[in-house]
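To keep things clear, I will list the structure first and then write my remarks on it.
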């Protein structure tokens, strides 16, 4: 009887050891550290989990590390590939190092901004137009006194790029190229937090300010800033500060073989399309409410149902709405 009992126990242990540990795949997203990619990860992840039944998680790292992880197959989905920031992007696509599924958005912008009330005024806030003819970056010397530098009242203050960012060097070259150094001081904000604090503080007080920023960001979703126009984009002399910043294609990529393994998820991702404006609005919602990225993703889906419906089949969209409204 003892031998029979031991054989019985051993057979159970062998069977348990052969049984699969999990039947639900967990899809891995790239998290390269900026807030908009975390937002889009949450939107895609929420839909993938709710509609297709797959778990999801993020792998955190720098752009080069996460991009390489996509091509090595360690990452499944890259929701925001900023194509202009990757020298090998076109070659990688052409050689099939990863699968390109579509465009997330292509209307992002960056450059020198002023609050809209500086140009147009704001009747509700009792602000009269301060510089009604300000349109181009090259117009700034005419209005330098509006942007007076408190530390050097003989010149205006222009808030430049973050030290260490490539844009800082480009803006410094632009500053010289347009002759802004005769009437303005180039002020280095030191950090993104310091720059956004300066812009938001001036906006709240209704004061004139000019500075570098970019979209999509929570600040551009929360406040009404105008991007000053510049000379047309000049590829050959752009690094010298000549010409405007061009919009970058921000695409969606998946590892090789993903579409064959998860055809329905790939079909959804290939139809996923947003905009810089929508992304900025979502990021401003996070800033105002303190919501998590997943909470914001659910808010975004419920408030953009027509858009979300275009990404899914009718049955898939119904499944998603029933789950989020339950």
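Points to keep in mind about this one:
- Cα shape, the range 276-325, gyration tensor, a/c 1.5 rule: oblate
- Prolate/oblate/rounded label for the range 187-326 (Cα gyration tensor, a/c 1.5): oblate
- Normalising the average separation of contacting C-alpha pairs (under 8 angstrom, six or more residues apart) by the number of residues puts the relative contact order of the chain at 25 percent.
- Label-to-label distance, residue 34 versus residue 60, with points set 7 angstrom from Cα along the beta-carbon direction: 1.8 nm.
- Length gained on full extension, residue 107 to residue 198, computed as 0.36 nm times the residue gap minus the Cα-Cα distance: 30.3 nm.
- Length-normalised contact order of the range 110-240 in % [C-alpha pairs under 8 Å, at least 6 apart]: 37 percent
- Inter-label distance for residue 84 and residue 325, nm, one decimal - labels placed 7 Å from Cα along Cα-to-Cβ: 4.1 nm
- Its alpha carbons considered, the chain gives a radius of gyration followed by a Dmax of 25.1, 101 Å.
- Folded to 0 to 90 degrees: helix 35-47 orientation relative to the chain principal axis, Cα: 30 degrees
- Rounded to the nearest angstrom and listed largest first, the equivalent-ellipsoid semi-axes of the range 222-290 from its Cα gyration tensor are 32, 23, 9.
- Summed over all non-identical Cα pairs, the Kirkwood treatment of the range 110-240 gives a radius of 15.0 Å.
- Potential lengthening between residue 303 and residue 240 on full extension [0.36 nm per residue; Cα-Cα distance subtracted]: 18.4 nm
- Rg and Dmax of the range 23-154, Cα atoms only, in Å: 22.3, 69
- Estimated FRET transfer efficiency when R0 is 25 angstrom, pair residue 145-residue 120 (beta carbons, to 0.05): 0.85
- The C-alpha atoms of the chain define a longest principal axis, and helix 63-72 lies at about 30 degrees to it.
- Under the shape rule built on the C-alpha gyration tensor, where the axes satisfy a ≥ b ≥ c, the range 20-59 is oblate, since a/c reaches at least 1.5 while a/b does not exceed b/c.
- The relative contact order of the range 124-199 comes to 29 percent, based on Cα pairs under 8 Å that sit 6 or more residues apart.
- Acute angle (nearest 10 degrees) that the helix 2-18 long axis makes with the longest principal axis of the chain, alpha-carbon atoms: 30 degrees
Readers should treat all values here as calculations from the given coordinates under stated rules, not as data from a laboratory. What you see is a predicted model, and the numbers here were worked out from it, not measured in a lab. Cβ: placed from backbone, ideal geometry, glycine included. Neighbour counts: every protein chain shown.
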